[in-house]
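Before any comments, here is the structure.
No lab work stands behind these numbers, since they all come straight from the coordinates. The structure displayed is predicted, hence computed values, not measured ones. Neighbour counts are summed over all protein chains in view; Cβ atoms, including those assigned to glycine, are modelled from backbone coordinates with ideal geometry.
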């Protein structure tokens, strides 16, 4: 923009606006800073500070304790399995569907697209959905956390739109050379569509790691509960028994242990965040282009 | 005979439908085969539940199964509509949605407009990157953070309250704060993410417009008012319509995480009620399914109405 003489009002506006953005940064980041600082501090320190800003020590005792409990270690394992297996399943189905739907020459493609898009507008609601999952014998199995949620129509459409943009001539020349669809996908489409594959993979992985609702609906027993359920029970419902200590006499969980638990749950998201925000924003843009 | 029919069909230039189907199948069988698992998944997890809606008209008994259970007509619906839960759940849902519409909806627009006025490109990027972060964490984590920030003993919000001479408030244990906490947490979680569409619309504005306006002596507010805001108004209208159409939906996950027994009277939305009646306390599947169907039908009508309005408001508008 061209430089021009600023009036006092504009200078004031710029200053206030900068202040406002600083406020947004503070409000967004402070809760994360708070749990990080608190998780390595002593309990006394947390309670003595009106506003927690710096740790009084750098102790990993809270982390050692949390990970050492049976409740958390098994829930972390469940969440990791759900995230990895679920994402693989979702990506396999989504890629297959998107690849097929991206073929403009395929007879019946419109009907097939309609068949999946209709489900974005209509659904049977929670109870009939629950009864289907129940009738498949998935209640209280880890599969209930993945299979009923395996395909996101939105993700499939995003991917289809991207695959559609791959020039058809590439496929045709490969077909002339006798390549089958599997080869065409692996050799031509896959390398060209890495951005959208990365985006959708991250979409699914974050979704699975964060998911708690399927566990609430479908899991009555505690064998397969994910870490998010433990987090809710400990942080929000104040139920220390969720951790399943060896020493069951402990009736309260100290504040730094709670914070360590939140840090552990948020850590995978924080680690992939640089990739997330790069690809997600792109993904949103790709999705907004109608195909 | 079949051969003859096929010959005459191809001679006349077009094949009969079954013949066309057979030919497509023969030529593209691999693609259809690839799509088969997709069809199966949608049939089981999307279409079968649609068929399962019939239990809303039945007195569904798990042991007898869907088909053997007795038809009861509209009894489940009339039972819901005449119950006190009907009024309270609809009122809670609509009030929370309207509060979100009034505060959580405009917040990303204002944020996008203000962020666009930040001169430093690095500063802008940094704020934007940070602002997306809450979108990616689960509601469970967001809820946990809110519980800690609002804690009467260690929370920073009550520290500020005490700093200004107030006495600590148990924000999450009192009904009168609950809806505001929902709105504020929605803003906190969705501010940066929600701003993306608006920032994209603003980025599409021709720089020359601003330059010309500046030469003509337009000050900053005038440029925002006459160039930036009109440039995003279409997007705002579409987003607004989408939001109005979903007024009967609530964020079940958010409410499930944040609510506790003491605030349920102001926080129990239709979706929460369906969960509670159907899965959590009583397993009254038929009643819960009827409530779900009732909500879907009314909600769908709302979407049709808002879409029709949008077509009228902006030419070529409308969501479909």
Roughly what angle does helix A:126-135 make with the longest principal axis of chain A, taking Cα atoms, 0 to 90 degrees, to the nearest 10?
80
Applying a 10 Å radius around every beta-carbon, put A:30-39, A:177-186, B:268-277 in order of their mean neighbour count, most first.
B:268-277, A:30-39, A:177-186
Segment residue A:85-residue A:30, extension gain: residue separation times 0.36 nm, minus the distance between their alpha carbons
16.4 nm
Give me a single rounded figure for A:25-32: the average over its residues of other chain Cβ atoms within 10 Å of their Cβ.
5
Test of understanding: what is the full-extension gain from residue A:267 to residue A:70, defined as 0.36 nm times their sequence separation minus their Cα-Cα distance?
69.0 nm
FRET efficiency (residue B:125, residue B:300; Cβ distance; R0 41 Å; to 0.05) is 0.50
Crossing angle, helix A:109-121 versus chain A [Cα axis fit, 0-90 degrees, rounded to tens]:
30
Sites residue B:103 and residue A:20, calculated FRET efficiency, Cβ-Cβ separation with R0 22 Å, nearest 0.05
0.85
Between residue B:215 and residue B:22, with labels modelled 7 Å along Cα→Cβ, what's the label distance in nm to one decimal, could you check?
7.2
Expected integer from the mean partner chain Cβ neighbour count at 10 Å over B:27-40 is 6
What angle, in degrees between 0 and 90 and rounded to the nearest 10, separates the Cα long axis of helix A:194-210 from the longest principal axis of the Cα atoms of chain A?
40
Taking R0 as 56 Å, what FRET efficiency do you get between residue B:311 and residue A:244 from their Cβ-Cβ distance, rounded to the nearest 0.05?
0.50
Per-residue Cβ counts within 10 Å, from other chains only, averaged over A:267-277: what number is that?
3
